[in-house]
Structures are given as C-alpha cells and as structure tokens.
1. Calculated FRET efficiency, residue 54 and residue 1, Cβ-Cβ r, R0 30 Å, to nearest 0.05?
2. Using only Cα atoms and rounding to the nearest 10 degrees, what angle (0 to 90) does helix 27-53 make with the longest principal axis of the chain?
3. By counting other Cβ atoms within 10 Å of each Cβ, how are 99, 65 ranked from fewest to most?
4. Between 70, 78, 100, where does the largest GNM mean-square fluctuation fall for the chain, given springs only between Cα atoms within less than 10 Å?
5. Quick check on the chain: helices-only [θ] at 222 nm, where DSSP H runs of length 4 and up contribute -39,500 (n - 2.57) each and the sum goes over total residues. Nearest 500, please.
6. For helix 95-120, what angle does its Cα long axis make with the longest principal axis of the chain, in degrees from 0 to 90 and rounded to 10?
7. Hey, what did the chain get for relative contact order, percent, Cα under 8 Å, at least 6 apart?
8. Please state the equivalent ellipsoid semi-axes for the range 12-120: what are the square roots of 5 times the Cα gyration tensor eigenvalues, largest first, in whole Å?
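No value in this document is a laboratory result; all are computed from the given coordinates. Owing to the predicted nature of the structure, the values given are computational and were not obtained by experimental measurement. FYI the Cβ positions are ideal-geometry reconstructions off the backbone, even for glycines, and counts take in every protein chain you see.
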C-alpha cells in the first residue's frame, strides 16, 4: 500500500499492517493517529528520559510500559527494547544497561519520527 508516495513495505521503523487491518485500510484515520503519535510520543520519550536520569525505577517502569504499548500499536520495532527496559526497571536492576538501551531506543525513535512525518505530509 502506498501512502503519500511511500510504499509501507519500505518503511524501516513502522510495520503498519496490523493497524491497517484494524482500521479497515482507512488511510485518513491512520494519518490522524500518526499525527497524534507525532504530537505525544516526544513528550513520553522525554518523561522516560527524566525518569532514567533521576533513577526513578517506578517511573521508568510506567513510562516504558506506556511507550511500549504505543510502539506496539504502530508496529514500531523498538517496542521490544522498551519491554526490556520495563523488565529491568521492575526488578530495579542495572540502571547503566537501562540507560544504554534507552540510547538505542532514541536512535530508533528519531527514525520513526522522520518516517511518521513523511507519512502525514
């Protein structure tokens, strides 16, 4: 399927097949949801970053879970990394590893944001 001249199969960070099935291939609704992602996800990423910087395991767990759910909804490949961060934070384990994994999430998130902006332009 092509959206704004982009073949959805060519996307590196999004896997939109599942959400499109739920939406009955309604591209207009997909674009509205992606616009919401563009508006809200950076704030959620910032909250997770602040939780990690303050070593607040409870907030890390909650924010990673929230982001994981959002990322899974859009088929964003980083959801698995967020699940690992959530698991480490639940066991109050290895803040350094959480930080390193979060840096990887940020790289993927930036790529996902670029793709999202192309899809709604």
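1. Values: r = 42 Å, r/R0 = 1.41.
Rounded to the nearest 0.05, the efficiency is 0.10.
2. Once rounded, the angle reads 10 degrees.
3. Values: 99 14, 65 17.
Listing 99, 65 from fewest to most nearby Cβ atoms yields 99, 65.
4. Looking only at 70, 78, 100, the largest GNM fluctuation is found for 100.
5. Values: 5 runs with 88 residues, N = 121.
Rounded to the nearest 500, it is -24500 deg cm²/dmol.
6. 20 degrees
7. Numbers: 126 pairs, mean separation 40.3, N = 121.
Across the chain, relative contact order equals 33 percent.
8. Values: eigenvalues 143, 32, 26 Å².
Semi-axes (√(5λ), whole Å): 27, 13, 11.
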